[in-house]
Amino acid sequence: MAAQIFDETGWATQLFTFQEENPEFNTISGEHLKNMLSDLSTAEFALGLYFDGIVDRDLQTVYQLKPQIILRTDEPHRFLTESPAELASVAAQQLRDRRYDRMVRRFPDRPRIVAIGDSWFQHPTETGIADQLSKVYAVRSVPIQHNNAAQQPYWEVIQESRADFLLVSMRLFSTIDTSNSSQTAMMGLRRKYLNANPDGFERYLKDPDGFVTNEFYHTLDVVASGWKNAFIDMQTANPSVQILIHGYDYIPSGFESKNSLWRFIKQEVQSYSRQEQKNLFRFVIDTFNKRLKSEAAHFPNVSYIDLRNTVHPDQWLDELHPNSAGFEQIANKFINHITELEAQKPV
């Protein structure tokens, strides 16, 4: 409490300042939160105010209430049938769908795209590939389902939206189960994918695959075979739809490994210099890209886009994700390829 005395005209005043804690500070009722997320005019505001978007171990964007937010659920006769995270995911999807509808109405002759991918397509804090492409095209974004091609809802969405292109992330990294983070489990996973005692780094320089086991290549086979069957079905059902698949760029240096395969590799070769670790990372990326290019070559309507050496060193957010500027560089490659394919269509 502060007090000031004024005595200029023969009379006195006294100023009192009171501070009272707001009992509703950082508090929202479950019903109010649901209403805000259900209304597209307030959904984006509510997502930013009450939720943090994060990338989970499956490289999918998920939402969680900010730790300082208190969700009041003691209102009589009112309850949430969905969790706040589920409501937030639905709201985010509805906002993307609305953006798609607007682009279709404004530019009905532009190519329509269905994008099924991971956090490179939709990132919680950066403008990912799908969001970058949404500035130019009508893009229907669909979260990937556990990397299983047979479970993807791409065909229904393509039919509904009359899409010209299907963009797919054929992910390698999140196929590795990292749910058990105990030291024993981590060592077991490293032994599964990496040779514990390769014949010295000199041999690696000549034969990089001496560091990876057959299980690593088996994982590639699993990822590729599932999508290969999906490509066959798509080519039979709708050969006019062009499918675009992409690899990943080389991992930047300077980030601590926290995710999937990179963490295992770094722990396994931690005695090597940063440059030697970087060389091994490049080998894994090159192997994955080589496999994608090989798979795409079997189908006339499947194109492989090489993203290596696309993102500048200062355009990385973390060890797995570019920042918005990096994603813009990547999106430009997609735009160039889509433009080329459109130009080849018969008039």
Heavy-atom accessible area of Y63, protein chains in place, probe 1.4 angstrom, given in Å² to nearest 10, is 40
Rounded to two decimals, the Debye log10 I(q)/I(0) of the range 9-63 (Cα scatterers, no solvent) at q = 0.14, 0.17, 0.20, 0.24 Å⁻¹ is -0.60, -0.74, -0.88, -1.01
If amide H atoms are modeled at 1.01 Å from N in the peptide plane, then the residues at a separation of 5 or more from Y250, or on another chain, having amide H under 5 Å from its own are N309, T310
Subtracting the Cα-Cα distance of E31 and L49 from 0.36 nm times their residue separation yields 4.9 nm
Quick note, the range 20-117: a/c under 1.5 would make it rounded; otherwise a/b > b/c is prolate and the rest oblate (a ≥ b ≥ c, C-alpha gyration tensor); here it is prolate
Which residues qualify? For S29, with a placed amide H closer than 5 Å and at least 5 residues away or on another chain, they are R72
Interchain or sequence-distant (5+) residues whose placed amide H lies within less than 5 Å of the amide H of V302 are I243
In order over the range 237-242: 3J(HN,Hα) from phi, Karplus 6.51/-1.76/1.60, θ = phi - 60°, whole Hz, x for each Gly or Pro, gives 7, 8, x, 6, 6, 8
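The values are calculated or read from the model by the stated rules, or taken from the named source; none is laboratory data. Small disclaimer: the values here were computed from a predicted structure and weren't measured. What goes into the accessible areas is simple: the full protein's heavy atoms, side chains included, and nothing from ligands, DNA or RNA. Shrake-Rupley method; radii C 1.70, N 1.55, O 1.52, S 1.80 Å.
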